[in-house]
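Heads up: the structure comes next, in structure tokens.
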Amino acid sequence: MFEIRHVQPEDIFPVIKIAFETLPERYSPEVFNRFYESFPEGFLIAEKHHKVIGFIVGIKTSNEAARITMLSVNKNYRKKGIGSTLLTQFLKEMTLQNIKQVELEVRINNDVAIKFYKKHGFDIIETVSSFYQTGEDAYIMKRVLRTR
Ligand SMILES: CC(C)(COP(=O)(O)OP(=O)(O)OC[C@H]1O[C@@H](n2cnc3c(N)ncnc32)[C@H](O)[C@@H]1OP(=O)(O)O)[C@@H](O)C(=O)NCCC(=O)NCCS
């Protein structure tokens, strides 16, 4: 079994390691600290046997909107529902924060992530050309949250 909880400062290094191993974008360590300091409610980790095996980070973009900036699960632990549990818990947390809609960007060739987000009620609302530094295009996906 795994546990989902809010990130703590000591989790940041293992989170950076997962991001480095699994995400094409390169972020400096300060970026993770800034996410943690500015909106800790939107930074969750999945933990198993005291090991960080996945994480999700979101930021508030307005009083009522948030954006998922990163979501990743360690390769050895995928397809076991961990990404889904992280996302579901994140969306619950956003509802508690009075957030009404959540957006994210995803590479248009990241079929796994697109399928994953669609399964969780996100729709593609826009394509942004050359969104990434590599020149790749992004889909913007959005989900409206049910109000309490
Ligand atoms: C996207 C990601 C977070 C999914 O995490 P996960 O823990 O493996 O996902 P889950 O086990 O909760 O899967 C939920 C659903 O997503 C879809 N999915 C997940 N992995 C898939 C795969 N390899 N192929 C096809 N569909 C997949 C399926 O619909 C799955 O439901 P199912 O198990 O009933 O078929 C993970 O693949 C990952 O870390 N990818 C690399 C980073 C990334 O692309 N992040 C998102 C962009 S920021």
- If you take the residues in segment 68-117 that are charged (D, E, K, R) and closer than 18 Å to Asp137 by Cα, which one is nearest to the ligand (Cβ to nearest atom)? Lys115
- Note on the structure: Checked pairs for segment 124-141, first closer than 17 Å to Gln101 by Cβ and β-branched (Val, Ile, Thr), second open to solvent by less than 50 Å² (accessible area, probe 1.4 Å) and not in a strand (DSSP E or B), C-beta under 9 Å and 6 or more apart or across chains, list as Ile124/Ile114; Ile124/Tyr117
- Query: Taking segment 9-30 as the region of interest, how many residues are crowded, with 16+ Cβ neighbours inside 10 Å and assigned to a helix (DSSP H, G or I)?
  - Reply: 7
- Message: Return the residues of segment 111-148 that are in a helix (DSSP H, G or I) and open to solvent by 30 Å² or more (accessible area, probe 1.4 Å); say none if nothing qualifies.
- Response: Asp111, Val112, Lys115, Phe116, Lys118, Lys119
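The values are calculated or read from the model by the stated rules, or taken from the named source; none is laboratory data. Everything quoted here is computed from the prediction, not taken from an experiment. Note: ideal-geometry Cβ built from the backbone for every residue, glycine included; neighbour counts use all protein chains shown. To get the accessible areas, we keep the full protein, side chains included, count just its heavy atoms, and leave off ligands, DNA and RNA. Shrake-Rupley method; radii C 1.70, N 1.55, O 1.52, S 1.80 Å.
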